[in-house]
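Asker: My structure is below; once you've seen it, I'll send some questions.
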Amino acid sequence: MPLASDAASLFINGEWTEASDGGQRAVVNPFDASVIAQVPEATTDDVDRAIRAARAAFDEGSWAQAPAARRAAVLTATAEALQEQREELARLETLDTGKTLEEGRIDVDDATSVFRYYAALVATEAGRAVDVGRPDVVSRVVHEPVGVCGLITPWNYPLLQISWKVAPALGAGNTVVAKPSEVTPLTTVRLFRILQEKLADAGAPDGTANLVLGGGAVGAVLAEHPLVDLVSFTGGGVSGRSVMRAAAETVKKVALELGGKNPNIVFADADFDAAVDFALSAAFVHSGQVCSAGSRLLLHRSLHERFVAELARRAELIRVGDGLDKDSETGPLVTAEHRAKVEAHIAGALAEGAILRAGGGRPLEPELQDGFFLRPTVLDGCHAGMTIIREEVFGPVLTVELFDEEDEVVALANDTPYGLAGAVWTQDAGRGERVAARLRLGTVWINDYHPYVPQAEWGGFKQSGTGRELGPSGLHEYQEAKHIWRTVSPAPQRWFAG
Ligand code: NAD
């Protein structure tokens, strides 16, 4: 049953509207392939109008120059509204992405924390004084908004990813045009309904926050448009490179959060039960559709049989099903096309010599036949030369590689173009720290997997991206630093004698 309220869900210059040519796109529930909404597909003209509205709102100046406390108050009020609508948002995220309701609730809570964190940071940011060694000079560095920001997000954590961008961008005083994934736009539409109200309460001009919906072509307009100052993109490497190329034309600031091929390293002295348990959640939460998924298990050879047997046993027990069913532990893949890609990866790996230890195919339950399900899959006998070790799969597939020495495993883990996240399991604290220091990754967990907090930066080394989200750096992405030098009592300098 389509959600009627989402029919006019482009938000341009303070108004909810349909696409100018009436174009629409169906949004599909991955649990049963049913259409849950029809949303507008923005035309190039619609995106252009949204960008011009954001430009005008920025240049008018009242939001950019609003007192920090007022901008912070919008973020706080948004956080409160997210909590008030927690159940509804979580349910919508489940219908749209297939993730479990519990994961949806965690996403709403995490998004709330991000808004709260940036509210606090924005309210206390005051630039810094610089001592230039002259008592007649006042020198300070202040942070100002960059301008119009294009924010492009993927389908796996829709509410969370847009929150990581919109909270610091608006908090810093920018105006924004957001474009969520065409596959999962629904919670972003709800977030913008909240922002509309909270920005209006704060007296922000129309056009401060705009929302356009549609596929990659809509995102490409944001990346190319000369009136956009910054584009922050989270998604795959192919689209990310295209964004970077397009943005180069007008030398936009670019922040990219791209994929990962994340190593989960288990040494012989690891806590066995914890390491097995986290190897499962690292790889199979949200059916592995997580940029930081620990999809590459690097296992000390001495643990091999015992560890993989237990891993495979428990992987077979994972309950895949409807995200709305409280007994489900993980949901479907997001689309039929995406599942087909993951299945091709599994077939390719088996053809290259991988050994199937769990899963490998679709579940057999009759009630799961319409959805895009795939069983959690464990592939043993993998090695660095295989395609599946080099490419991001983004599905419920865990590969197992063996190692003997510390130096060897560090080299293996770093032998990838990616550098997003990974983990080290050992009870030797010195080894944990040593290996963490040598891994070329934006996030390293020691004896843990997946936790993150809004206070700590998130982002990738190498081809996993450029720039950082979260933490103070996640705010600075959306700010220009300006040095202001004031000579209090100017007098002729006489550089030139005449
Ligand atoms: P995608 O690259 O297909 O799409 C991401 C977004 O970019 C979508 O909104 C899409 O419409 C848009 N887009 C596509 N082509 C574009 C173009 N040429 N110009 C501008 N915009 C364009 O990615 P996806 O399939 O939605 O998401 C999965 C990918 O996202 C995975 O690679 C995953 O690792 C990555 N991801 C990274 C992080 C992180 O924090 N590093 C987080 C989540 C997802």
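Each value in this text was obtained by applying a stated rule to the coordinates, not by laboratory testing. Remember, it's a predicted structure, so these values are computed and weren't measured experimentally. Note: ideal-geometry Cβ built from the backbone for every residue, glycine included; neighbour counts use all protein chains shown.
Asker: So what's the stretch 62-188 giving for Rg/Rh, alpha carbon basis, Kirkwood Rh from the mean inverse pair distance? Please list the in-between numbers first.
Answerer: On the way: Rg = 17.7 Å, Rh = 15.9 Å.
My calculation of the ratio gives 1.11.
Asker: Hey, how many Å between the Cα centroid of the stretch 328-371 and the Cα centroid of the stretch 430-498?
Answerer: Result: 39 Å between the Cα centres.
Asker: May I pose another question? Over all distinct alpha-carbon pairs, what is the Kirkwood Rh of the stretch 3-74 in angstrom?
Answerer: On the way: mean 1/r = 0.0694 Å⁻¹.
Taking every pair of different Cα atoms in the stretch 3-74, averaging 1/r and inverting gives 14.4 Å.
Asker: Would you kindly state how much longer the chain becomes between D327 and E87 on full extension, computed as 0.36 nm times their sequence separation minus their alpha carbon distance, in nm to one decimal?
Answerer: That pair, D327 and E87, stretches by 84.6 nm at full extension.
Asker: Per residue and in Å³, how big is the convex hull formed by the alpha-carbon atoms of the chain?
Answerer: Dividing the Cα hull volume of the chain by its residue count gives 174 Å³.
Asker: Can you give me the long-range amide H partners of I265? Hydrogens built in the peptide plane at 1.01 Å from N, cutoff under 5 Å, separation of 5 or more residues or another chain.
Answerer: L298, A423, V424, W425
Asker: Suppose R0 equals 35 Å. What FRET efficiency, 1/(1 + (r/R0)^6) with r the Cβ-Cβ distance, do A69 and W485 give to the nearest 0.05?
Answerer: Values: r = 27 Å, r/R0 = 0.78.
The formula returns an efficiency of 0.80 here.
Asker: Using only the alpha carbons of the stretch 246-373, determine the length spanned along each of the three principal axes and report them from longest to shortest in whole angstroms.
Answerer: 56, 42, 34
Asker: Describe numerically, in nm with one decimal, the distance between label points set 7 Å from Cα along Cα→Cβ at A129 and at E144.
Answerer: The modelled label-to-label distance comes out at 2.2 nm.
Asker: Would you calculate the convex hull of the Cα atoms in the stretch 342-498 and tell me its volume per residue in Å³? Intermediate values should be presented prior to the final figure.
Answerer: On the way: hull volume 41.9 nm³, N = 157.
So the per-residue Cα hull volume is 267 Å³.
Asker: Can you find, among V444, F461, A344, the residue farthest towards the positive end of the dipole of the chain? Put +1 on the C-beta of Lys and Arg, -1 on that of Asp and Glu.
Answerer: F461
Asker: Using 1/(1 + (r/R0)^6) with R0 = 45 angstrom and r between the beta carbons of V251 and A200, what's the FRET efficiency to the nearest 0.05?
Answerer: 0.85
Asker: Contour minus end-to-end for A56 and D21, with contour as 0.36 nm per residue of separation and end-to-end as the Cα-Cα distance?
Answerer: So the chain would gain 10.2 nm between A56 and D21.
Asker: Another question about this same structure. Quantify how much of the Cα-Cα distance distribution of the stretch 108-263 extends past 26 Å, in percent.
Answerer: Of all Cα-Cα pairs in the stretch 108-263, 32 percent lie more than 26 Å apart.
Asker: Given H placed on each backbone N at 1.01 Å, which residues far from E480 in sequence or on other chains put an amide H within less than 5 Å of it?
Answerer: E144, V146
Asker: What relative contact order, as a whole-number percentage, does the stretch 28-144 give when Cα pairs under 8 Å and 6 or more residues apart are counted?
Answerer: 25 percent
Asker: Hey, any idea what the orientation-averaged projected area of the convex hull of the stretch 419-462's Cα atoms comes to, in nm²?
Answerer: Seen from a random direction, the Cα hull of the stretch 419-462 projects 3.0 nm² on average.
Asker: Given the rule -39500 (n - 2.57) for each run of at least 4 DSSP H residues, summed and divided by the residues of the chain, what is its mean residue ellipticity at 222 nm, to the nearest 500 deg cm²/dmol? Walk me through the intermediate numbers first.
Answerer: Working: 15 runs with 193 residues, N = 498.
Rounded to the nearest 500, the figure is -12500 deg cm²/dmol.
Asker: Report, in listed order, any pair from K252/K341; K99/K198; K179/K482; K99/K179 with a Cα-Cα distance greater than 27 Å.
Answerer: K252/K341; K99/K198; K179/K482
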